[in-house]
Structure formats: structure tokens, C-alpha cells
Amino acid sequence: MTEVPKSLKILAIGNSFSVDCMEYLWQILDDAGVETIVLGNLYYGGCKMSQHVSFGESDSASYTYYKNTDGNWTSTSSTKMSEGIADEDWDIITLQESSKTCGVASAYEESFTDFVNLVRSQKSDATLMWNMTWAYQQDTTHSSFPNYGNDQMTMYNMIVDCVEDYILRENRISYVIPVGTAIQNARTSFIGDHITRDGYHLNMQFGRYLAALTWACGITGVSPDDIAYNPSTSAINSDMIAVARESVKNAIATPLAVTQSQITTGTSTLGN
């Protein structure tokens, strides 16, 4: 059995997609056996890497800073990036791009190296990780879907291409958290394309649970099969838990390609 760290302090520099990913992360890490857990999230809605760089370089108080030390999130408005980074001795800091351009190469050409340089200059010893986010639901009305030809698999493949072409070539990024692949894997199960609440943000129970499970298991090495925590047994039944576990295991094993689910029948609370 994997030996989990006794303490984990994780800061995300992100947007609403990092909120989705981290909602249940404290509880899952606790269930995995981590004794001391501190989570932080520097949030600015829809924030692109270029905006993070601008906010960091100008030291502007642009963020809402969410923090969780006991299973409950608190928030502090008008926070600077420098303040969030200095708040704890973070073990891990995660970076990400906005869904609007997470699969658009020019966004990485413009800002990715500057983003890494900025964070590394403020915290030299934290492990940097990349949060690989997900493709929109196929019927989304998101205004940025035309960036991806209004096609979910095109969007997913463009995200993968950017990870391969930029993230994996940056040796200061130690790990890619394959949330986007876990989501896409789950979409091939009986659950189908019903994992968002509005076409792009993850639904409040299953989608957020799946994302947090990917983070927790990818970061610690714990198997999803060893996680008993369920944020809502009425919203996430045993069939759906099985899909989440399978999807996460396959994403961690094959992070940059979709693995077809073997769970083709079951009962879901997420639609048909």
C-alpha cells in the first residue's frame, strides 16, 4: 500500500475550474490518511495565464483567496498573489490556463514561461504541478467553444497537444494532474456527457468528486479503490463511484489519451 505523506499543503493559482477541482480535496486526502492538510486557491474568475502574470507582476489585490485547513473553506477578498504564496510553506503549487484558451497554443507561447518564472521567483522550493482541465460538454453554449471548432473531442485533443508541446517540455513542472482525461474517460461510460452543471463547470457532486479524486490519487499515489469518502450518497451511487474509480485509474495510467470505459450499464443521477 502506498505510504501517504503525513502533511500536504497545496496552493492552486487558478479560477473557477480550480474551485471545482478542490471542493472535496480536503476530505479525500483526509480519507487517504494525510494527517495535516492545508489547501489554498487564489481565484479570479476565468483567469488566463496572461492575467495571472499581470496580477503577479503588478502585485495587485485581484484574487479571492480560498483556504481550507479543517474541511471547510473560508474566503478572503482583495488578496495579492504574493500574499497567497507567502501565507503557507506550500509543498505543491498548481498552475492552469483558462478553459477559453487551455487548448490554444498561442496562449502558452505568450505567457506560460512567464507564469512559471513568476511563481518560481516567489516560491523557489515548492513542487509545481499543472492542472490539465477538461473539454466542454458537447451541447455547451460557452462563447469560447468556437476556439475548438464547437467540438468536444477537438477541444480535448487540443488540450493534450498543449500539454505535450509546452507543459511536458518544462522541467520545472513535476506532474500533470490529468483531470481532463478522467472527465473524458467517464464520458465514455454509461454516465455519458452529463458531467457539467452548465456545459463547462463540473456538476456539484459527481463532477467535482471525480476531479478531486484525480488530484488526490495523482498527487499521493493512493488507489481510488482505497477511498471510501463520498460527498453525497444520494447524488453519487455505487455505480457512479465505480465509474469515478475506473476513470481516475485509467487517467493516471494513460494521462494523455482517452481510455474507453468498461462500465457501460448502470444507474446515474445525471441524466440519460
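Only the coordinates and a few stated rules stand behind these numbers; no lab work does. In this text, all values refer to a predicted model and were calculated from it rather than measured experimentally. Virtual Cβ from ideal backbone geometry, glycine too; neighbours counted across all protein chains shown.
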In range of the label at Asp125: residues from region 1-27 whose backbone nitrogen is under 20 Å from the point 7 Å along Cα→Cβ: 5-12
Lysine pairs meeting the criterion (Cα under 24 Å, 8 or more apart or interchain), as found in region 7-253: 13
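Within the set of other residues whose C-beta is less than 12 Å from the C-beta of Leu213, count the net charge using Lys and Arg as +1 and Asp and Glu as -1. Provide the component values of the computation, followed by the final result.
Values: positive: Arg208, Arg245, Lys249; negative: Glu23, Asp31, Asp225, Asp226, Glu246.
With Lys, Arg at +1 and Asp, Glu at -1, the neighbours total -2.
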Answer label, with mean projected area of the Cα convex hull in nm² calculated from the coordinates and candidates (i) 13.0; (ii) 14.1; (iii) 16.0: (i)
Axial C-alpha extent at least 20 Å, average Kyte-Doolittle at least -0.5 - helices from the chain (DSSP): 105-122, 206-220, 238-253
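If you rank Asp89, Asp125 by fewest surrounding Cβ atoms within 10 Å, what's the result? Intermediate values should be presented prior to the final figure.
Values: Asp89 11, Asp125 8.
Arranged by neighbour count, lowest to highest, Asp89, Asp125 become Asp125, Asp89.
Counting other beta carbons within 10 Å of each residue's own, what order do Ser189, Ser58, Ser99 fall into, fewest first? Mind showing how you got there, number by number?
Numbers: Ser189 22, Ser58 11, Ser99 27.
Ranked by crowding around the Cβ, least crowded first: Ser58, Ser189, Ser99.
Thr2: net charge of surrounding residues, Cβ under 12 Å, Lys/Arg +1, Asp/Glu -1, itself excluded? Please list the in-between numbers first.
Values: positive: none; negative: Glu3, Asp225, Asp226.
That sum, taken over residues with Cβ under 12 Å, equals -3.
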Total formal charge among the other residues, if their Cβ is under 11 angstrom from that of Val163, Lys/Arg +1 and Asp/Glu -1: -4
